[in-house]
Amino acid sequence: MSSTSSSGVRAEQIWLDGRLMKWDEGHVHLMTHALHYGLGVFEGIRAYKTHDGRLAVFRLREHIRRLLDSAHIIMLKIPYTEDELFDACVNLLRAQKDLFANGAYLRPVAFMGDGAMGLGAVNPTRTAVTAWDWGAYLGDKGIKEGIRAKVSSYTRMHVNVNMVRGKITGQYVNSILAKREAVMAGYDEAILLDVSGFVAEASGENIFQVNKKGVIKTPPLSCPILDGITRDTVLHILRDSGRTVEEVTFTRDALYITNEIFFCGTAAEITPVREVDNRQVGDGKPGPITRHVQDMYFRIVRGQEPKYAEWLTYV
């Protein structure tokens, strides 16, 4: 049996540098360059148990492409093709399919390994895929009832400071600080503004709001936000249901007077926000558009919507 942790059941095996090995054998050296300087990229991917009892990875191809794009942005050479990384994820789950019969969270990561030190070093890239059973990132209660959020004193980094299209390991220190600040103040999550004072994203999620006129808004990709795959999924859900979404900037006080807010991301899935900075959002519970998106999202990932079948990779 595999051991468990606060994250739940973990894989018995990992994929590291081209081969499967036991979880406890997945080591890197203390002089690993990325440990010191943060040069690495990663993805978060979910596999779900579908309505017919099978296991399917959601939008795996898109996640692997973004991993490779992130690496290209920071000039980190990953010695594996898109198809090889795709297969590594599938094979890791397939090798322990019974362990993850109810779903899994996959974490591909690539980073500069050990060798030379210093900012100008160019060492071989290490590449790994791990998996574990990770429940709702912001809690099952948060999924059902909504969470409390706080606008952070930390600012999302400027587009000339960080590479906003890359899911880059070292950049997440900004998110960690914002998240810790919010949690220590008694909230569930942080919302970060950009350097101009417009709403950017949460510490690990994209954000949508529905104003009192029923207009759905989300920050555009010209803002310093991640081009979220779940964000793209939500845009498809809304537009395919005949709703218009405006990708525009808005201020924090627009959140105070809106009817609905929800976060989206692979880990957080679709999480409603019931309060921002001690101000109740709408009637204080998930609204109809949030519920529609949430219901459709879970139907899609469980294989109950044939229109989106191409997004599922069955293990």
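Figures for the structure shown
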| read-out | value |
| --- | --- |
| Per-region count, segment 195-211, residues open to solvent by 20 Å² or more (accessible area, probe 1.4 Å), touching a strand residue (DSSP E or B) at 6+ places or on another chain (Cβ under 8 Å) and outside any strand (DSSP E or B) | 4 |
| Lone unmet requirement of (1) open to solvent by 20 Å² or more (accessible area, probe 1.4 Å); (2) within 22 Å of Tyr137 (Cβ to Cβ) for Glu246 | (2) |
| Count of segment 3-16 residues which are over 24 Å from Thr230 (Cβ atoms) and either at pLDDT 95 or above or open to solvent by less than 20 Å² (accessible area, probe 1.4 Å) (or both) | 2 |
| Matching residues, segment 73-106, being open to solvent by 60 Å² or more (accessible area, probe 1.4 Å) and within 20 Å of Gln171 (Cβ to Cβ) | Ile73, Met75, Lys77 |
| Some residue of segment 133-155 being open to solvent by less than 50 Å² (accessible area, probe 1.4 Å), at pLDDT 95 or above and within 22 Å of Phe111 (Cα to Cα) | no |
| Lone unmet requirement of (1) part of a helix (DSSP H, G or I); (2) among the small types (Gly, Ala, Ser); (3) touching a Ser or Thr at 6+ places or on another chain (Cβ under 7 Å) for Ala254 | (3) |
| Matching entry among Val109, Val161 (being under 19 Å from the mean Cα position of the chain (by Cα), on the phi < 0 side of the Ramachandran plot and open to solvent by 20 Å² or more (accessible area, probe 1.4 Å)) | Val109 |
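Residue by residue, here is whether (1) closer than 16 Å to Arg126 by Cα; (2) part of a helix (DSSP H, G or I); (3) in contact with a Ser or Thr (Cβ under 7 Å, 6 or more places away or on another chain); (4) open to solvent by 10 Å² or more (accessible area, probe 1.4 Å) holds:
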| site | (1), (2), (3), (4) |
| --- | --- |
| His29 | yes, no, no, yes |
| His36 | yes, yes, no, yes |
| Val41 | yes, no, yes, no |
| Arg46 | no, no, yes, yes |
| Gly53 | no, no, no, yes |
| Ile64 | yes, yes, no, no |
| Leu68 | yes, yes, no, yes |
| Ala71 | yes, yes, no, no |
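The values are calculated or read from the model by the stated rules, or taken from the named source; none is laboratory data. Since the model is a prediction, treat every value here as computed from it, not as a measurement. Every residue, glycine as well, gets a Cβ built from its backbone with ideal geometry; the counts of neighbours run over all protein chains shown. All accessible areas refer to the heavy atoms of the entire protein, side chains included, with ligands and DNA or RNA removed. Shrake-Rupley method; radii C 1.70, N 1.55, O 1.52, S 1.80 Å.
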